[in-house]
Amino acid sequence: MAEVWHRVGNVPPENGRLHAEVEGRKISVISHRSKLYCLDSLCFHGGGPLGMGPIEDIEGISCLNCPWHNYKVTIEKGEKLYQSTTLDPVTKKLNPAGWKSVGQRQRTHRVEARADGVYVMLDLKGAIESDRYACGSQSAMGALMAPDSTRTSVDHALEHQARGGNDHHHHSGLPRTTGPRGYAGAPSGQIFQQMK
C-alpha cells in the first residue's frame, strides 16, 4: 500500500496547535520545542478534548494533560503515564514512587513540515484505545449541553483546568442532565468542531 500524505494546514507557531480531520479521523498537530507531533485529538479514556490540553513535562517527557480527567499522555508516543506508589511497611502509608507508563493508549501519526505546510500520514496499524473516539461523533459521556445552559463542555473543561481541579464528582458513569455547569459530557464531533 502506498504511503499517503495529507496537507492539513500551515505550520503552527511554537507551542501552537493545528486540529484537522484526515480520512474521517480527528487529529491534532502540536508544535513543541521546535518539533511537530501528531496524535488523535480526542482522549482514549472518554473522548475528551485531549488535543486542547496543556503540555506538561513529567520527568523530562512532554505530555498532554486531558482537561476532562487529568490523564497524562505523552505527545511523542501516545503513552498514558501514571504516578506509581509504594507502601511504607512501617507507616502503612503510600508514598510516590515515580511516573510509569501503561503503554500506548493514544494513536500517534507521522507528521512533517514542508515548504507549503504541514503534512500528516495516518498510522493505523493495530488497535489502539483512542480509535473508538477518533472517527465517531459521540463521546461516552452523552449530550453536549444540558437543557438549562448555553455553556459547552469545552468551556467547562478549560475553566476546570484553569482552576487546577481534578473534579470527579460528575464521573459517575451516568450523564448528568442538569446542574450549574450545564455539562453532561460532549459529543466528540462537536468538541472537535469547537477545537478548529
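Since every read-out is calculated from the coordinates, none of them should be taken as a lab result. Quick caveat, the model's predicted, so the values are computed rather than measured. A quick note on method: Cβ atoms are made from the backbone with ideal geometry, for glycine too, and the neighbour counts reach across all protein chains shown.
Key figures
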read-out: Potential lengthening between Asp116 and Asp57 on full extension [0.36 nm per residue; Cα-Cα distance subtracted]; value: 18.2 nm
read-out: Table column - 3J(HN,Hα) (Hz), region 44-59, Karplus curve with 6.51, -1.76, 1.60, x for Gly and Pro; value: 4, 6, x, x, x, x, 3, x, 9, x, x, 8, 10, 8, 10, 6
read-out: From phi via Karplus (6.51, -1.76, 1.60), per-residue ³J(HN,Hα) for region 23-35 in Hz, x at Gly/Pro; value: 6, x, 9, 7, 10, 10, 9, 10, 9, 8, 6, 6, 9
read-out: For Lys35, residues with placed amide H under 5 Å, excluding near neighbours; value: none
read-out: Estimated distance in nm for a label pair at His69 and Asn95, the labels positioned 7 Å out from Cα along Cα-to-Cβ; value: 3.0 nm
read-out: Taking the C-alpha atoms of region 1-47, convex hull volume expressed per residue in Å³; value: 104 Å³
read-out: For region 60-125: lysine pairs under 29 Å (alpha-carbon distance), excluding those fewer than 8 apart on one chain; value: 13
read-out: Two-site label geometry, Arg7 and Ser34: point separation in nm, points 7 Å out along Cα→Cβ; value: 2.7 nm
read-out: Residues with amide H under 5 Å from that of Arg110, placed H, sequence gap 5 or more; value: Met121, Asp123
read-out: Pairwise FRET efficiency - Ala127 versus Leu87, Cβ, R0 = 41 Å, nearest 0.05; value: 0.75
